[in-house]
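Structure, as structure tokens:
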Amino acid sequence: MKLLMLATDNYQGSGAFRSLTFLARSLMDLFGDKAIVILPYEGDGSSLLLSNRIPFRLIPSYSWVKPCSLKGVPALREWFGRWRRNHRAINEIRTTIRSEKIECVYINTSFGYVGAIAAIKEKVPYVWHIREYLTNDFDMNYFSWRLAKKYFLRASSIVCVSEHLKDTYLEKLQLPPHRIKCIHNGIRVSDFYCKRAIFKNRKIIATIVGGVSVFKGQYDLVDAIASKAESLKDRIEITVVGDNGGAKKLNEYVLSKGVAAFFNIVGYKTNVADYLRQSDILFMCSRCEAFGRVTVEGMLAGCLAIGSASGGTLDIISHEETGLLYSQGNPDDLAKTIQYALDNPERMKKIAASGQDYCVREFTVEKNAKSLRQIFKMCTKSKG
């Protein structure tokens, strides 16, 4: 099978980009498929594709989503400018579809649409992989939901990365349940898997990973630690991995709360696995994580996962079985959960081990690739 895979970013730190990369490589290795990735702009993700021997082409294009704060005439002006500039991208993608005899177009996130229009014009099926809520996780929205809905509905298949995200789009698109499939992200287990002892010392090491923003929950974690600073003193140290322009502001907030001794803010790092393998706890404090790739990565590395009871995190963490859950947006409940974990180390070891085993079974690149390929095959057969 020959696939054209549309990336909507070009960034190694992006979970969506890593998912696309390892999906392409798995399809090539497991089934002998041919995949070509289309990149929308220059970025460091290209080196990840090169290291995995995945062919790619740069065809500049522009997203159809915007910050929620962009409204009115400025939003319309920006959208019409992007729409005009994207015509060239659509034509170049059409040329690639014809010259490479592409059988199916795959769009990696909901941020881009040019692949959909090119596929429609070339009468090739396209599969849309939705990995984000947009408003609840990125504070963004479509320039035109009416237009977005039109092209989503014309997709041969729609895939969401979690059950909650699937339910969200079923409601938004007013579709029957069979029209959207839930296929969880696949992680390359060997990149993170580590069988080791945790909770060995009185002082526990924890990590939270992700771009720093109110949506990722780092501020909730600071508030939780501040509320129990006295009882947690010398018992936990938290490394904050990630930036996205917000690390400096977070550091100022940590100082204002008087909990600098608890936090180590290291910014964006490419060697996330190294931090996870040295940690006892992985925090996933997002307001509404669509899936939570880093949650699985942390659990594979042997960490106890503590996550907010929302979004895709609920597909990964079962409370007291594969991790611990707390009420989303409730720092007091998070603080109680942290205290509980520190006071019950033997119980936490068992939960972490169970979580690791669960992730090894459920969230592999091989399982992800097999499930998506079934959809690609179904779409191409329907066309025939």
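The values are calculated or read from the model by the stated rules, or taken from the named source; none is laboratory data. Just so we're clear, the structure is a prediction, and the values are computed from it rather than from any experiment. Virtual Cβ from ideal backbone geometry, glycine too; neighbours counted across all protein chains shown.
So here's what we get for this one:
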quantity: Test for SER19: is it hydroxyl-bearing (Ser, Thr, Tyr), in contact (Cβ under 8 Å) with a residue 60 or more places away in the chain and crowded, with 23+ Cβ neighbours inside 10 Å; calculated: no
quantity: LEU165 touching a residue at least 60 places away in the same chain (Cβ under 8 Å), part of a helix (DSSP H, G or I) and surrounded by fewer than 16 Cβ atoms within 10 Å (Cβ to Cβ); calculated: no
quantity: Contacts under 6 angstrom Cβ, first residue in the stretch 205-234 being of a type in the set (Phe, Trp, Tyr), partner in a loop (DSSP other than H, G, I, E, B), 6 or more apart; calculated: PHE215/ARG287
quantity: Which listed residue is closer than 19 Å to GLY186 by Cα and modelled with pLDDT of 95 or more, from LEU50, LEU30, LEU39; calculated: LEU30
quantity: Residue among ILE180, ILE236, ILE204, ILE281 that alone is touching a strand residue (DSSP E or B) at 6+ places or on another chain (Cβ under 9 Å), assigned by TED's automatic domain parsing to the domain that holds ASN108, surrounded by 19 or more Cβ atoms within 10 Å (Cβ to Cβ) and at pLDDT 95 or above; calculated: ILE180
quantity: Answer residue from the stretch 102-136, given it is charged (D, E, K, R) and out of contact with any Ser or Thr (no Cβ under 7 Å at 6 or more places or on another chain) and is nearest to PHE376 (Cα to Cα) among those; calculated: LYS123
quantity: The listed residue being among the hydroxyl-bearing types (Ser, Thr, Tyr) and touching an Asp or Glu at 6+ places or on another chain (Cβ under 9 Å), out of SER308, SER318; calculated: SER308
quantity: Any hit, the stretch 288-308, residues being assigned by TED's automatic domain parsing to the domain that holds VAL241, closer than 15 Å to LYS216 by Cβ, out of contact with any Ser or Thr (no Cβ under 6 Å at 6 or more places or on another chain) and surrounded by fewer than 24 Cβ atoms within 10 Å (Cβ to Cβ); calculated: no
quantity: Selection count, the stretch 322-345, where residues are in contact with an Asp or Glu (Cβ under 7 Å, 6 or more places away or on another chain) and farther than 21 Å from CYS359 by Cβ; calculated: 4
quantity: Matching residues in the stretch 153-168 - criterion: being farther than 26 Å from GLU103 by Cα and either among the aromatic types (Phe, Trp, Tyr) or more than 17 Å from the chain's Cα centre (by Cα) (or both); calculated: ASP167
quantity: Hits in the stretch 1-16 (condition: among the aliphatic types (A, V, I, L, M) and either surrounded by 23 or more Cβ atoms within 10 Å (Cβ to Cβ) or assigned to a helix (DSSP H, G or I) (or both)); calculated: LEU3, LEU4, MET5, LEU6, ALA7, ALA16
quantity: Qualifying positions in the stretch 208-252 - farther than 14 Å from ILE338 by Cα and among the hydrophobic types (A, V, I, L, M, F, W, C); calculated: VAL209, VAL212, VAL214, PHE215, VAL240, VAL241, ALA247, LEU250
quantity: Hey, GLY258 part of a loop (DSSP other than H, G, I, E, B), modelled with pLDDT of 95 or more and surrounded by fewer than 24 Cβ atoms within 10 Å (Cβ to Cβ) or not; calculated: yes
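Every residue, every condition in (1) aromatic (Phe, Trp, Tyr); (2) outside the structural domain of LEU282 (by TED's automatic domain parsing), yes or no:
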{"position": "TYR326", "(1), (2)": "yes, no"}
{"position": "LEU334", "(1), (2)": "no, no"}
{"position": "LYS349", "(1), (2)": "no, no"}
{"position": "ALA353", "(1), (2)": "no, no"}
{"position": "ASN368", "(1), (2)": "no, yes"}
{"position": "ARG373", "(1), (2)": "no, yes"}
